[in-house]
1. Please verify whether residue 185 is within 16 Å of the ligand (Cβ to nearest atom) and among the charged types (D, E, K, R), treating the condition exactly as stated.
2. Can you give me the number of residues within region 71-99 that are surrounded by fewer than 18 Cβ atoms within 10 Å (Cβ to Cβ), out of contact with any strand residue (DSSP E or B) (no Cβ under 7 Å at 6 or more places or on another chain) and not in a helix (DSSP H, G or I)?
3. Would you please name the residue that is farthest from residue 212 (Cα to Cα), looking only at residues in region 46-69 that are within 13 Å of the ligand (Cβ to nearest atom) and among the aliphatic types (A, V, I, L, M)?
4. Is it the case, given these coordinates, that residue 82 is more than 17 Å from residue 241 (Cβ to Cβ) and away from the ligand (no atom under 16 Å from the Cβ)?
5. Among the residues of region 361-372 satisfying the criterion of being surrounded by fewer than 16 Cβ atoms within 10 Å (Cβ to Cβ) and touching a residue at least 24 places away in the same chain (Cβ under 8 Å), which is nearest to the ligand (Cβ to nearest atom)?
6. Would you confirm whether any residue within region 291-303 is surrounded by fewer than 21 Cβ atoms within 10 Å (Cβ to Cβ), of a type in the set (A, V, I, L, M, F, W, C) and within 22 Å of residue 373 (Cα to Cα)?
7. When residue 135 is evaluated against the numbered criteria (1) away from the ligand (no atom under 11 Å from the Cβ); (2) farther than 22 Å from residue 243 by Cβ; (3) of a type outside the set (Phe, Trp, Tyr), which criterion, by number, is the only one it fails?
8. Quick one: how many residues across region 190-199 are buried (at least 17 other Cβ atoms within 10 Å of the Cβ) and either free of Cβ contacts under 8 Å to residues at least 40 places away in the same chain or within 13 Å of the ligand (Cβ to nearest atom) (or both)?
Amino acid sequence: MNKGVGINEANQTLTPQLKVTGGRKLSGEVRISGAKNSALVLMAASLLTDDDINLRNVPPLTDIACMSNILLSLGAKLDHRVDNLSINSSNLNNSSPSYELVNSLRASFFCIGSLLARMGIAQVPLPGGCRIGTRPVAEHIRGLHALGAKIEIEHGLVSAVITSPQHRLRGTNIQLRCPSVGATETILMAAVLAEGETVIENAAREPEVTDLIGLLTAMGANIHGTGTSTIKVIGVRRLHGADYSVIPDRIEAGTFLLAAAITKSKLRIAPFIPEHLTAVIDKLQEAGCILKQDGIGVIIQANELKSVSFTTQPFPGFPTDLQAPFMSMLTMAKGASLITEKIYENRLQHVPELQRMGASIVLHKDTALIKGVSKLSAAPVTASDLRASAALVLASLVADGTTYIRGLYHLDRGYAFMEKKLRSLGAYIDRLNP
Ligand code: EPZ
């Protein structure tokens, strides 16, 4: 008899959801897609030249489709075949993406840097907050202003204009108040075509920032200090075309490491760049997992899980994007774990859903105390945001019975073929009403 939660399938017919029956071990190998948070900004950077930019290993995600629509609305030409995306921005005819498009994808705000540098003007709606936090863009704007842009913010629209007779921004020193990934990327994309030298202090060091520098350098930019918190950019007059491959998605890779850990399975995950996830690898090993790198991928073997604690931090610290999936794993670990979320003020919304599945979690401000339990039980749950959706999928893999997960709109933004990949590893998972 299926230990479902007595929800008859009838009233579920309309809502897309995942149906997951827990209790299966996973085995085999999973291929990691290109990184969402790199591909998005590389697409924004393609606006900096009127030559072709060919991006390879672009993940098939709804966020990528949103960014494609934004580039199309600006006049770019796109040719998307499987995971190759060719972009030509030689006939840009619009420097103001619509509110509807920007509102559906925060990262589109990062286009303001490349649009301004390329067209001398950019009018981009303020992205506004999202479910995980207010997410201001003050540092993006402060950086563009420091580079000489005239900035006006009215009616929810940020207008940035180059007023210098040379029609170029002017290099300068910028000390970021927080090592914001997006602000670092926006300023980088503006500074590469500026006059003179720009130094960004307290810059973000995330691998996605390094990947952006990789593409810009391939386009002819002159950048120093890659991977450090001090980046120096010497502006050039023009950038040319390039052919570039997006790095593997470290957050997707981390999520599959945690799928192996929570199901106490052995999996090979590839491609995998260990330097992109050192803090996570350390915590997995502390929790009792064994990880073996083979130069291309990593093999993880998990047995009894032990409690560990961590605080989310900018790279190379523990990534906030893996906080929720890691919490799911710790609900099944022996002992008590403490997780503190320091990057976003509202990124613990997965907790009530995990509690519905029988997890023992106590929240106090930005900290969660997780006491390991011997089993989770299936329940109908709803994802509140992208990484929360991954946390619920992981919990459902071990829950007793059949779990129904709603809010797949979030999952599809950042995980390519999640259920197909899990099914190929042996999970009982189906998408209802796709
Ligand atoms: C990027 O967001 C990622 N998104 C996020 O991933 C990720 O969580 C984040 O970096 C941190 O690693 C993309 O790359 C598209 P931030 P971003 O600017 O650039 C504050 C996911 O799940 N801040 O580094 O928006 C901000 O409020 C997503 O894939 C300011 O105060 O992140 C936040 O608390 C979610 N003022 C902190 O900095 C600013 O001007 C980090 O934000 C900018 C940011």
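1. For residue 185, the condition - within 16 Å of the ligand (Cβ to nearest atom) and among the charged types (D, E, K, R) - is met.
2. 10
3. If we filter region 46-69 for residues that are within 13 Å of the ligand (Cβ to nearest atom), which is where we start, we get 59, 61-64, 66-67.
So of that shortlist, the ones also among the aliphatic types (A, V, I, L, M) come out as 61, 64, 67.
Working: 61: 19, 64: 16, 67: 16 Å.
This residue is 61.
4. When the stated conditions are applied, residue 82 passes them.
5. Among those that are surrounded by fewer than 16 Cβ atoms within 10 Å (Cβ to Cβ) and touching a residue at least 24 places away in the same chain (Cβ under 8 Å), it is 367.
6. no
7. It is condition (1) that residue 135 fails.
8. 1
The values are calculated or read from the model by the stated rules, or taken from the named source; none is laboratory data. All of these numbers come straight from a predicted model, not from anything done at the bench. Quick reminder, even Gly has a Cβ in these numbers, built from the backbone with ideal geometry, and neighbours come from all protein chains shown.
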